[in-house]
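Asks: Before I ask anything, let me first share the structure, which is written out below as structure tokens.
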Amino acid sequence: MFKEFNLENLENSKSLLEEKINQSKDKVEELLKIEEKSYENFVMPYQEVGENLSDFITPIFHIDSVKNSNITQKVLEECIPLISIYETEMSQNDNIYRSLKDIQDKGYTSLNSIQKKVLENEIKDFELSGCHLDEEKKNRLKQLNLKLSELSQKFSQNLLNATNSFEMICENFEDVKELPKSDLELAKFTDENDNKTKYKFTLQMPSYLAYITYGTNREKREEIYKAYCTRAPENEAVINEILKLKDEKVKLLGFENYAQYSLSRKMANSEEEVVSFLKELAIKGKQSAKEELEEIKTYASEDNIEDIKSFDMAYYSEKVKKAKYDLDQEYYRPYFEQKSVLNGFFSFLNDIFEIKFEEVQTKTWDDKVKVFNIFENNKTIARIYLDLEAREDKRGGAWMNNWHTHYVDSNKKEHLPTAYVVCNFPQSKDNTPSLLRHDDVVTLFHEMGHALHHLLSKVNEPYVSGISGVAWDTVEFPSQFLEYFAYAKDVLKIFAKHYETKKVLDDEAIQRLIDARNFQSSLSMLRQVEFALFDFNLHQKLYNNAEEIQALLDSIRAEYSPLIPPSYNKFQHGFGHIFGGGYAAGYYSYKWAEVLSADAFYMFIDSGNLFNKELAMKYKEHILQKGGSENMDKLFYKFAQREPSVDSLLKIDGIIS
């Protein structure tokens, strides 16, 4: 029913991939020889070729992110050129393109709407891949795609290496005295040289956050902050090359800039629409962001700090938060023990979406990984792998990665979807379970929102099933929507239980979390706008060197950032979303999709029942189960019976009343 995760033969991946690629090419050539091509005899088996190759490749990329080693790096370096060249050749194959166009033209009246969507997407992708170019330009495009794949991987590897190469040792307990007990336990070690108890902090997110938020020593806070925001200086050269090659690529394809090319695959209609959307958010949040900063400055002044810096923000923000809401994160963490959160979360998902999770024992890449089959109406419909704890050999951040897609093949066999959810939560040890911050709980809900969008699909065509074929600027909608429930009292009560006493978190403590949800929401929004505008502006014209890139970032910060970071801050060197991932000229998607998610959640608020089964099942039917089979604006309209409103987002964030 499900393919087992098995990479015992990892070192031979290159030769196995070559074999798979040759089989794929042979199959495509075989399909092209069909004289009377139809959707059934050509398009469906053509999609299956892509799915079969993806089935093999995905674990190779995945293992490098979650169990990074010299071997995984070597294997990936060997495989990237093969897959990049193959994908470019396929996407530039004029015979496939013309076959798809013929099927679209001849069979338009007999095709259903989902089949039409598959053809529409594929034909557009072929046109965006340069299948119309002459051979010389096609070859250049092939070289560019290969080099860009290699550079993206190099950027991510540089970042991981830099993250793992730093450690900060605190010998004086006074420097760590404000840290929560659980963070202190994870940092504590006995130095073998002098047999003294010391505390080690790294740039792994749980460790970094612990010190930057609770570290008493200001110099130490700056030390770890500076290490974090100056990571991987070698990425400066990588970024310059990525931007240069992307600019050449899109101009070959007939676009003025990379932003224009990026939008051709998204819901937003124009560059102007994106920029004005982001600036509107900034304008509406700017004044309240200044007020939020003044509040932090007041607390810092009590420590005789009149020139507050970026490395002070998390520390004094936490003090403001505690004073305003009596919110002590350490108080909450025993109530968010990882297993309890998972079990309660699954119970909640069963309540609203009528799906059950059942743990299964199967091969994984690490002992801490948990695997669950998902059931609907007592029938197995999907499988999910959860890798939730931080490790040194694991890329930072959190993400969902789809492995298999739901579809029915040309032999009428149903294929079930699988996905990985990866986070970097505090590690569990023999004497300490993994105790989450509430922010971690929100992250889990977010990534599971992506996973459910993929795993609950009822679409039978693989290229528009699950997250496949979903416009990039709406793909965050289901993840952000689910996040909101992590602040709902009735949801939290299901799993917020003290791991020792089993006592449920009381109403007052939960209310403090809810009240604090919009704490510094304007500062947070301005920060996201800063990232999004930097990304989008960066791809609207070619910036030739690091100085020009820095000047762009500085100008955006000068206009929109309430607190200018130190000049040594090289945020761009760690902006993995756009240089190591797929968000180039698309980081705005987080805010764009948030308009949909906030509006959808407001429907539950307005109904007076966050467990509104009728509404939840309607959302499941029109959003989660439809995948990319229709444009998200149409799906949203079917669900909500109206257009989305930006005011819902600003209301939920407390920016307008």
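The values are calculated or read from the model by the stated rules, or taken from the named source; none is laboratory data. What you are looking at is a predicted structure, and each value in this text was computed from that prediction instead of being measured. FYI the Cβ positions are ideal-geometry reconstructions off the backbone, even for glycines, and counts take in every protein chain you see. Please note that ligands, DNA and RNA were not included when accessible areas were found on the heavy atoms of the full protein model with its side chains. Shrake-Rupley method; radii C 1.70, N 1.55, O 1.52, S 1.80 Å.
Asks: What is the antiparallel percent of DSSP beta bridges lying wholly in the chain, to the nearest 5?
Replies: Given both bridge residues lie in the chain, the antiparallel proportion sits at roughly 80 percent.
Asks: Next up: Note the listed values [x] 46, 27, 23; [y] 40, 29, 26; [z] 112, 29, 21, then indicate which one is semi-axes √(5λ) of the Cα gyration tensor in Å calculated from this particular structure.
Replies: It is the value labelled [y].
Asks: Consider a paramagnetic label point 7 Å from the Cα of Arg391 along Cα→Cβ; state which residues of segment 321-354 have an amide N under 19 Å from it.
Replies: Residues 338-339 fall inside that zone.
Asks: How high is the relative contact order of segment 503-657, given as a whole-number percent (alpha carbon pairs under 8 Å, six or more residues apart)?
Replies: Relative contact order for segment 503-657 comes out at 26 percent.
Asks: Take every Cα pair under 8 Å in the chain that's 6+ residues apart, average their separations, divide by the length, and report that relative contact order as a whole percent.
Replies: 16 percent
Asks: Order His577, His415, His446 by their accessible area, 1.4 angstrom probe, all chains in place, largest first.
Replies: Per-residue accessible area, sorted high to low, gives His577, His415, His446.
Asks: Express in Å², to the nearest 10, the accessible area of Glu272 obtained by rolling a 1.4 Å probe over the protein heavy atoms while all chains stay in place.
Replies: Its heavy atoms expose roughly 130 Å² to the probe.
Asks: Can you list the residues, at least 5 places off or on another chain, whose amide H is less than 5 Å from the amide H of Glu337, using H built in the peptide plane?
Replies: Placed amide hydrogens put Leu436, Lys497, Tyr499 under 5 Å from Glu337.
Asks: Let me ask something else. Once you have a ≥ b ≥ c as the square roots of the Cα gyration tensor eigenvalues for segment 595-657, tell me rounded if a/c is under 1.5, and otherwise prolate or oblate according to whether a/b is larger than b/c.
Replies: oblate
Asks: Next question. Would you mind finding the longest exposed-site-free stretch of the chain, with exposed chymotrypsin sites (Phe, Trp or Tyr not before Pro) meaning DSSP loop and at most 14 other Cβ atoms within 10 Å?
Replies: Counting only loop sites that pass the neighbour cut-off, the longest clear stretch is 109-567.
Asks: So, one more: In nm, what is the difference between 0.36 nm times the number of residues separating Val408 and Glu559 and their Cα-Cα distance?
Replies: Net length gain for the segment: 49.2 nm.
Asks: Continuing with the same structure: Using helices alone, I'd like the mean residue ellipticity at 222 nm for the chain: each DSSP H run of four-plus residues gives -39500 (n - 2.57), total over residue count, nearest 500.
Replies: When only DSSP H runs of four or more count, the value is -18000 deg cm²/dmol.
Asks: I've got another one for you. Counting other Cβ atoms within 10 Å, which trypsin sites (Lys or Arg not before Pro) in segment 554-657 have at most 16 and lie in a DSSP loop?
Replies: Answer in residue order: Arg642.
Asks: Go through segment 334-426 and name the trypsin sites (Lys or Arg not before Pro) that are in a DSSP coil and have 11 or fewer other Cβ atoms within 10 Å of their Cβ.
Replies: Filter output for segment 334-426: Lys363, Lys412, Lys413.
Asks: Further question on the same structure: What is the percent carbon and sulfur in the accessible area of segment 494-605, measuring with a 1.4 Å probe over the protein chains and ignoring ligands?
Replies: Roughly 50 percent, rounded to a whole number.
Asks: Which shape class, rounded, prolate or oblate, goes with segment 434-511 when its Cα gyration tensor gives a ≥ b ≥ c as root eigenvalues, a/c under 1.5 marks rounded, and past that a/b bigger than b/c marks prolate?
Replies: prolate
Asks: Another question about this same structure. Report, by chain and number, residues whose modeled amide H sits under 5 Å from the one on Phe425, excluding near sequence neighbours (fewer than 5 apart, same chain).
Replies: Glu389, Ala390
Asks: Tell me, what is the per residue accessible area of the chain in Å², probe radius 1.4 Å?
Replies: 43 Å²
Asks: Okay, next question. Once a ≥ b ≥ c are taken as the square roots of the eigenvalues of the Cα gyration tensor of segment 217-327, is the result rounded (a/c under 1.5), prolate (a/b larger than b/c) or oblate (a/b not larger than b/c)?
Replies: Oblate is the answer for segment 217-327, as a/c is 1.5 or above yet b/c matches or exceeds a/b.
Asks: Through the Karplus equation 6.51 cos²θ - 1.76 cosθ + 1.60, θ set to phi - 60°, convert the phi angles of segment 46-55 into ³J(HN,Hα) values in whole Hz; use x for Gly and Pro.
Replies: 5, 4, 5, 4, x, 5, 5, 6, 4, 3
Asks: Residue-wise, which Karplus ³J(HN,Hα) couplings in Hz belong to segment 24-39, taking 6.51 cos²θ - 1.76 cosθ + 1.60, θ = phi - 60°, and x for glycine or proline?
Replies: 5, 4, 4, 5, 5, 4, 4, 5, 5, 7, 5, 6, 9, 7, 9, 4
Asks: Per residue of segment 115-121, what does 6.51 cos²θ - 1.76 cosθ + 1.60 with θ = phi - 60° give for ³J(HN,Hα)? Whole Hz please, x for Gly and Pro, Karplus curve as stated.
Replies: 5, 4, 5, 4, 5, 4, 5
Asks: Using DSSP to call loops (not H, G, I, E or B), can you name the trypsin sites (Lys or Arg not before Pro) in segment 196-267 whose Cβ has at most 10 other Cβ atoms within 10 angstrom?
Replies: Taking segment 196-267 and a limit of 10 other Cβ atoms within 10 Å, the loop trypsin sites (Lys or Arg not before Pro) found are Lys196.
Asks: Of Leu416, Asn373, Leu388, which is farthest on the positive side of the dipole of segment 371-416, counting Cα position, with +1 on Lys and Arg Cβ, -1 on Asp and Glu Cβ, and the Cα centre as origin?
Replies: Among Leu416, Asn373, Leu388, the one farthest towards the positive end of the dipole of segment 371-416 is Leu416.
Asks: Sequence-distant or interchain residues sharing an amide H contact under 5 Å with Thr405, placed H: which?
Replies: Excluding prolines and chain starts, which carry no amide H, the hits are Thr418.
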